[in-house]
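Participant: Please read through the structure below; I'll follow up with questions.
The values are calculated or read from the model by the stated rules, or taken from the named source; none is laboratory data. This one's a predicted model, so the numbers in the text were calculated from it and none came from an experiment. FYI the Cβ positions are ideal-geometry reconstructions off the backbone, even for glycines, and counts take in every protein chain you see.
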Amino acid sequence: MARYLSRGRGLAPVALILIGAAPAAPRLAIGLAPATPDAAHHIPYVDVVVTAQDVHAAPGDPLFSLALVANTVTTSAKDLTRLGFADEAGPIGVAVRDEAEDGSDSRRVWLANRAVNGTVTVRYRVPIDSAAPPLALPQYEMRTEGDTFSAAANAFLLLPDDQRSRVAQVRWDFAAYGAGGVGVSSFGVGDATSAAALSTDRLNSVYYMGGHPGTYRSNDDGFFAGWQGQPPFDMAPLMCWAGDLHRFYGRFFRYAPDSFGVFGRTNSRNPGSGIGLADSFAYTFNDSSVPADLRTLLAHEMLHSWVNSLDASMDKAGGLDRSWFGEGLAVHYQRALPFRAGMISARDFLADVNETAGRYYTNIKIGTPNADIPAGFWRDTRVRVLPYDRGSLYFDTVDAEIRARSRGARSLDDIVRTMLAARRAGKPMNEALWRKLLNAELGAPGVVEFDAMLAGRTVIPPSNAYGPQFRRVSRPLRRFDLGFDPASLLARPRIVQGLVPGSQAALAGLRDGDEILDSFPQDALQGNQQAYLAIAVRRGDRSLAIRYQPRGETVSAYQWALTGAGQGPAPQHDRASSCSATTGGDRHGDRMDRD
């Protein structure tokens, strides 16, 4: 076991005293000490101490690193104060080097000025800007409200610049914060240790929330939750529902993580967004959020504990080229498994299918080849949603084809379980394995169909893909269209260019040369035919509010409708939920009724 030793007041370097046999992996101790909240209930800063074993660097080599920009999100890397490095030999002088990784990511690296071998301790302070506006971006960055702070590790936590796996130990210090402080991380509530040694990349995906968060813990497994801010509804029943679904996932996939955490925080600009993390995920809500919408998000993000991207091929880098698999499967199962468990209604299931299908079949970028996804993923929302939409409809199609060919004896589930078992056994879970298993189920035509999907051919599931209670229909839907060049949103400042004459944006009063003052989410807008876009712009010395529907031409799009046999309740194959959060007659059902 490991024991922490304190030295005086505040956070001390963590002394890792090992009793008994040596550990299988080196340790990484993380100490977090939030400051006293101010009168507005904001935490002004967090003091951090990181102690890492088995660090090795020659003079001039990278020692520790932290993202400057993570998936387009600016981190705290340039704001750190009181930064110092030391090892057993004393202080370590460092130089700083900033490195651009791609169009969405960059990092800051601290270089050792002498040889380092052994345990290194890093101390610093992370200021938190309570006035920072909400972002329509992944929820990584430091935020504070309600006497609580939260952030992902990649936004504030210095980690050794190597890929050595380490067992992480999190220690919370609320001496400065005051009585009643509670800390939650992806490893659990309170002081916690990771169940296994984790690589630096994995450690960067750990979430932290400390202060006075709302918390929920399941009585019979490792499911837990924390939330920052004041939800507009009782969060506990929703978290109970999520815990029940998480247990159902474990039974379906035939294994489960030792623990799993869910983190919520407010975002008035981008509610209902989520990011997958290490055995956890974070999501957003605002004062108008309802449990129905968040259930879909919870169902999706929890799946990433099981369903993640394929392993990289030797000739392919990155990961966005493989997002058709991880994200497509997550969308496929986010509706299929809760429906099978009897935890959502047929109308909820259908609403999810139709939102995905409507966004896909009206997407003017529908034919974008998979090879072009990485270049456009963060630059164009219409490209970004394709792995989710096209991937899920492709898996819906494959599932229907396998069921038809095997006369119901087999399904997509069999392939997925086989692939995940290979990964757990330490074997490659890559595209080659998918092709092999696909060929075994559907033969050469199935592989040809797969290649056509990757090339950008439109995917059309059969009418009965979702069961006999649903049928495919065509409906007139309008394309998503900002009305100006989407590249305008990537520039700094964001100046409107390429305004389309006669577009809804132009009719609402937007003009070329207007400066867009705020950011806004686009992915969800594409799936909601009725949504309006409200943006603030500056034109000369005037500030204007522009509001319009970001829609263009009308096209015929596939949707699915309930047959007479589908009007009953959800199937009760495995009624997993015992919570008071019910599933029928809410926003999803109402939206479908308006179709």
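Participant: Restricting to segment 538-554, what's the tally of residues that are surrounded by fewer than 15 Cβ atoms within 10 Å (Cβ to Cβ) and in contact (Cβ under 8 Å) with a residue 60 or more places away in the chain?
Facilitator: Looking only at that region, the number is 2.
Participant: Continuing with the same structure: Please work out if F224 is buried (at least 17 other Cβ atoms within 10 Å of the Cβ), in a strand (DSSP E or B) and touching a residue at least 12 places away in the same chain (Cβ under 8 Å).
Facilitator: For F224, the condition - buried (at least 17 other Cβ atoms within 10 Å of the Cβ), in a strand (DSSP E or B) and touching a residue at least 12 places away in the same chain (Cβ under 8 Å) - is met.
Participant: Based on this model, can you work out whether R265 counts as assigned to a helix (DSSP H, G or I), under 15 Å from the mean Cα position of the chain (by Cα) and either on the phi > 0 side of the Ramachandran plot or not hydrophobic (A, V, I, L, M, F, W, C) (or both)?
Facilitator: No; evaluated as a whole, the condition is false for this residue.
Participant: Okay, next question. What tally of residues in segment 523-537 results from selecting those that are touching a strand residue (DSSP E or B) at 6+ places or on another chain (Cβ under 8 Å) and surrounded by 15 or more Cβ atoms within 10 Å (Cβ to Cβ)?
Facilitator: 6
Participant: Among the listed residues R107, R114, R97, which satisfies the condition of being farther than 29 Å from Y177 by Cβ, in a loop (DSSP other than H, G, I, E, B), modelled with pLDDT of 95 or more and not polar (S, T, N, Q)?
Facilitator: Step by step, each of R107, R114, R97 is checked, and only R114 is farther than 29 Å from Y177 by Cβ, in a loop (DSSP other than H, G, I, E, B), modelled with pLDDT of 95 or more and not polar (S, T, N, Q).
Participant: Additional query: Could we say that L297 is among the hydrophobic types (A, V, I, L, M, F, W, C) and touching a helix residue (DSSP H, G or I) at 6+ places or on another chain (Cβ under 7 Å) here?
Facilitator: The answer is no for L297.
Participant: If you don't mind, another one. Looking only at residues that are farther than 15 Å from L238 by Cβ and in contact with a Pro (Cβ under 6 Å, 6 or more places away or on another chain) in segment 250-285, which one is surrounded by the fewest Cβ atoms within 10 Å (Cβ to Cβ)?
Facilitator: Here the residue is S268.
Participant: Taking the condition out of contact with any Lys or Arg (no Cβ under 7 Å at 6 or more places or on another chain), in the same structural domain as M142 (by TED's automatic domain parsing) and in contact (Cβ under 8 Å) with a residue 40 or more places away in the chain, does G90 pass?
Facilitator: Answer is no for this residue.
Participant: With the structure loaded, tell me whether R125 is at pLDDT 95 or above, surrounded by 15 or more Cβ atoms within 10 Å (Cβ to Cβ), out of contact with any helix residue (DSSP H, G or I) (no Cβ under 8 Å at 6 or more places or on another chain) and of a type in the set (K, R) or whether it fails that test.
Facilitator: yes
Participant: Would you check if there is a residue in segment 66-83 being surrounded by 20 or more Cβ atoms within 10 Å (Cβ to Cβ) and basic (K, R)?
Facilitator: No: zero hits.
Participant: Please find, within segment 44-71, the residue that is farthest from V122 (Cα to Cα) out of those that are assigned to a strand (DSSP E or B) and among the charged types (D, E, K, R).
Facilitator: In this case the residue turns out to be D54.
Participant: Here's another thing I want to ask about it. List the residue pairs whose Cβ atoms are under 7 Å apart, where the first residue sits in segment 445-456 and is closer than 20 Å to T368 by Cβ, the second is modelled with pLDDT under 95, and the two are 6 or more positions apart or on different chains.
Facilitator: none
Participant: Run down G358, G367 and say which single residue is part of a loop (DSSP other than H, G, I, E, B) and either of a type outside the set (D, E) or crowded, with 24+ Cβ neighbours inside 10 Å (or both).
Facilitator: The conditions single out G367.
Residues checked against (1) crowded, with 24+ Cβ neighbours inside 10 Å; (2) at negative phi:
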residue: M142; (1), (2): no, yes
residue: G146; (1), (2): no, no
residue: A153; (1), (2): yes, yes
residue: D162; (1), (2): no, yes
residue: Q169; (1), (2): no, yes
residue: D173; (1), (2): no, yes
residue: A176; (1), (2): no, yes
residue: V182; (1), (2): no, yes
residue: G190; (1), (2): no, no
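Participant: Can you spot a residue in segment 275-293 that is touching a strand residue (DSSP E or B) at 6+ places or on another chain (Cβ under 9 Å), in a loop (DSSP other than H, G, I, E, B), in contact (Cβ under 8 Å) with a residue 60 or more places away in the chain and among the small types (G, A, S)?
Facilitator: Checking segment 275-293: at least one residue is touching a strand residue (DSSP E or B) at 6+ places or on another chain (Cβ under 9 Å), in a loop (DSSP other than H, G, I, E, B), in contact (Cβ under 8 Å) with a residue 60 or more places away in the chain and among the small types (G, A, S).
Participant: Looking at (1) of a type in the set (S, T, N, Q); (2) closer than 18 Å to L159 by Cβ; (3) under 26 Å from the mean Cα position of the chain (by Cα), which is the one condition that is false for T119?
Facilitator: Only one criterion is unmet by T119, namely (3).
Participant: I'd like to know if segment 402-412 contains one or more residues that are in contact with a Ser or Thr (Cβ under 6 Å, 6 or more places away or on another chain) and more than 30 Å from P550 (Cβ to Cβ).
Facilitator: Checked against the condition, which is being in contact with a Ser or Thr (Cβ under 6 Å, 6 or more places away or on another chain) and more than 30 Å from P550 (Cβ to Cβ), segment 402-412 yields at least one hit.
Participant: Search segment 392-418 for residues being of a type outside the set (A, V, I, L, M) and part of a loop (DSSP other than H, G, I, E, B), and hand back the single one that is surrounded by the fewest Cβ atoms within 10 Å (Cβ to Cβ).
Facilitator: Among those residues, the one meeting the criterion is R407.
Participant: Continuing with the same structure: Within the bounds of segment 423-436, is there any residue that is over 29 Å from the mean Cα position of the chain (by Cα) and either in the same structural domain as H332 (by TED's automatic domain parsing) or more than 30 Å from F520 (Cβ to Cβ) (or both)?
Facilitator: yes
Participant: Continuing with the same structure: Taking the options P59, P133, name whichever one is at pLDDT 95 or above and either surrounded by fewer than 19 Cβ atoms within 10 Å (Cβ to Cβ) or in contact with a Phe, Trp or Tyr (Cβ under 6 Å, 6 or more places away or on another chain) (or both).
Facilitator: Checking each option against the conditions leaves just P59.
Participant: Among the residues of segment 370-385 satisfying the criterion of being touching a residue at least 40 places away in the same chain (Cβ under 8 Å) and of a type in the set (A, V, I, L, M, F, W, C), which is surrounded by the fewest Cβ atoms within 10 Å (Cβ to Cβ)?
Facilitator: Among them, the one singled out is A371.
Participant: When you look at R403, is it within 27 Å of the chain's Cα centre (by Cα) and either closer than 30 Å to G250 by Cβ or aromatic (F, W, Y) (or both), yes or no?
Facilitator: Considered against the rule, which asks whether it is within 27 Å of the chain's Cα centre (by Cα) and either closer than 30 Å to G250 by Cβ or aromatic (F, W, Y) (or both), R403 comes out as no.
Participant: What pairs come out if I take residues in segment 105-118 that are more than 16 Å from D201 (Cβ to Cβ) and in contact (Cβ under 8 Å) with a residue 40 or more places away in the chain and pair them with residues that are of a type in the set (A, V, I, L, M) and assigned to a loop (DSSP other than H, G, I, E, B) whose C-beta lies under 6 Å away, six or more apart or interchain?
Facilitator: Final answer for the pair search is R108/A77; A115/A58.
Participant: Looking only at segment 419-475, how many residues end up being among the hydrophobic types (A, V, I, L, M, F, W, C), surrounded by 14 or more Cβ atoms within 10 Å (Cβ to Cβ) and in a strand (DSSP E or B)?
Facilitator: Result for segment 419-475: 1.
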